[in-house]
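Enquirer: Got a structure here, written out as structure tokens. Questions coming.
The values are calculated or read from the model by the stated rules, or taken from the named source; none is laboratory data. Computed from a prediction, not measured in an experiment: that's the story for all the values here. Here Cβ is always computed from backbone atoms with ideal geometry, including for glycine, and neighbour counts include all displayed protein chains.
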């Protein structure tokens with residue numbers, strides 16, 4: 001039984017985008033469009049160049065914002081407000097996921113590279129508003145992004161999370177390397193598995209997987 005591997009877990013940490021909702025909702029597509037438009041206007045570059053920079057900074061620094069801050073000294077506040085101003089119409093309520101997470105023993109938190117207010121909107125649209133004990137965004141990590149270990153450490157210190165007694169659910173495999181190194185149980189949530197020694201489990205059905213852990 002998979003549950004035996006989580007018997008020590010006291011804190012359950014969930015990523016947001018493409019984790020607490022399925023990738024088919026394509027919510028992040030809206031954010032990427034707004035990111036590209038923001039880069040175009042702020043750096044005065046073409047759409048193609050802006051799209052290239054958006055992808056390049058994400059691959060190099062973990063988030064587009066991190067690249068913009070490091071290479072262009074961008075103020076994160078206006079950027080984050082603008083790119084997360086999107087519609088939640090494609091999100092559906094998920095009572096099965098809500099029940100599964102609610103039944104987990106211990107503390108349940110969300111930690112995203114987006115902002116906490118944006119995360120709260122997503123959580124509410126998914127019917128998960130009364131499920132989590134806390135929600136943390138990139139602002140709580142001093143705008144340092146996952147996959148940087150320092151970002152995780154900052155948020156976990158703030159929350160009081162003990163990594164050796166915690167599990168991380170995440171769609172981006174590179175964001176599981178630091179949690180694994182810190183002693184966490186790691187779960188890759190995605191349609192396709194990713195082979196890496198820092199990933200303990202994979203699932204394409206978060207609600208079903210968590211239901212096994214909550215009994």
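Enquirer: For the list (1) within 14 Å of residue 6 (Cβ to Cβ); (2) modelled with pLDDT under 95, I need the number of the one condition that residue 195 fails.
Expert: Looking at each condition in turn, residue 195 falls short on (1).
Enquirer: Take region 190-207 and flag every residue that is within 18 Å of residue 23 (Cα to Cα) and in contact with a helix residue (DSSP H, G or I) (Cβ under 8 Å, 6 or more places away or on another chain).
Expert: Answer for region 190-207, where residues must be within 18 Å of residue 23 (Cα to Cα) and in contact with a helix residue (DSSP H, G or I) (Cβ under 8 Å, 6 or more places away or on another chain): 190, 191, 194, 203, 206, 207.
Enquirer: What's the number of the only condition in (1) in contact (Cβ under 8 Å) with a residue 12 or more places away in the chain; (2) in a helix (DSSP H, G or I); (3) within 21 Å of residue 65 (Cα to Cα) that residue 180 fails to meet?
Expert: Checking residue 180 against (1) in contact (Cβ under 8 Å) with a residue 12 or more places away in the chain; (2) in a helix (DSSP H, G or I); (3) within 21 Å of residue 65 (Cα to Cα), the one that fails is (3).
Enquirer: Further question on the same structure: Identify the residue in region 17-42 that is touching a residue at least 40 places away in the same chain (Cβ under 8 Å) and not in a loop (DSSP other than H, G, I, E, B) and, among all such residues, is farthest from residue 71 (Cα to Cα). Lay out the reasoning, then the answer.
Expert: The first filter runs over region 17-42 and keeps only residues touching a residue at least 40 places away in the same chain (Cβ under 8 Å), leaving 17-21, 23, 25-27, 30-31, 34-35, 38.
From what is left, the residues that are not in a loop (DSSP other than H, G, I, E, B) are 23, 25, 27, 30-31, 34-35, 38.
Details: 23: 30, 25: 32, 27: 27, 30: 24, 31: 21, 34: 19, 35: 16, 38: 15 Å.
The residue in question is 25.
Enquirer: Assuming residue 56 fulfils every condition listed in (1) more than 15 Å from the chain's Cα centre (by Cα); (2) crowded, with 17+ Cβ neighbours inside 10 Å; (3) under 28 Å from residue 180 (Cβ atoms) apart from one, which condition is it?
Expert: (2)
Enquirer: Taking only region 96-119 into account, find how many residues are out of contact with any helix residue (DSSP H, G or I) (no Cβ under 9 Å at 6 or more places or on another chain) and over 19 Å from residue 151 (Cβ atoms).
Expert: Number of matching residues: 0.
Enquirer: Go through (1) in the same structural domain as residue 113 (by TED's automatic domain parsing); (2) in contact (Cβ under 8 Å) with a residue 40 or more places away in the chain; (3) assigned to a helix (DSSP H, G or I) one by one and return the number of the condition residue 12 breaks.
Expert: (3)
Enquirer: Could you pull out the residue among 45, 122 that is in contact with a helix residue (DSSP H, G or I) (Cβ under 9 Å, 6 or more places away or on another chain) and either assigned by TED's automatic domain parsing to the domain that holds residue 207 or in contact (Cβ under 8 Å) with a residue 12 or more places away in the chain (or both)?
Expert: Exactly one of 45, 122 is in contact with a helix residue (DSSP H, G or I) (Cβ under 9 Å, 6 or more places away or on another chain) and either assigned by TED's automatic domain parsing to the domain that holds residue 207 or in contact (Cβ under 8 Å) with a residue 12 or more places away in the chain (or both), namely 122.
Enquirer: Suppose the filter is closer than 29 Å to residue 35 by Cα and either modelled with pLDDT of 95 or more or more than 15 Å from the chain's Cα centre (by Cα) (or both); does residue 100 pass it? First the steps, then the outcome.
Expert: Working: closer than 29 Å to residue 35 by Cα: no; either modelled with pLDDT of 95 or more or more than 15 Å from the chain's Cα centre (by Cα) (or both): yes.
When the stated conditions are applied, residue 100 does not pass them.
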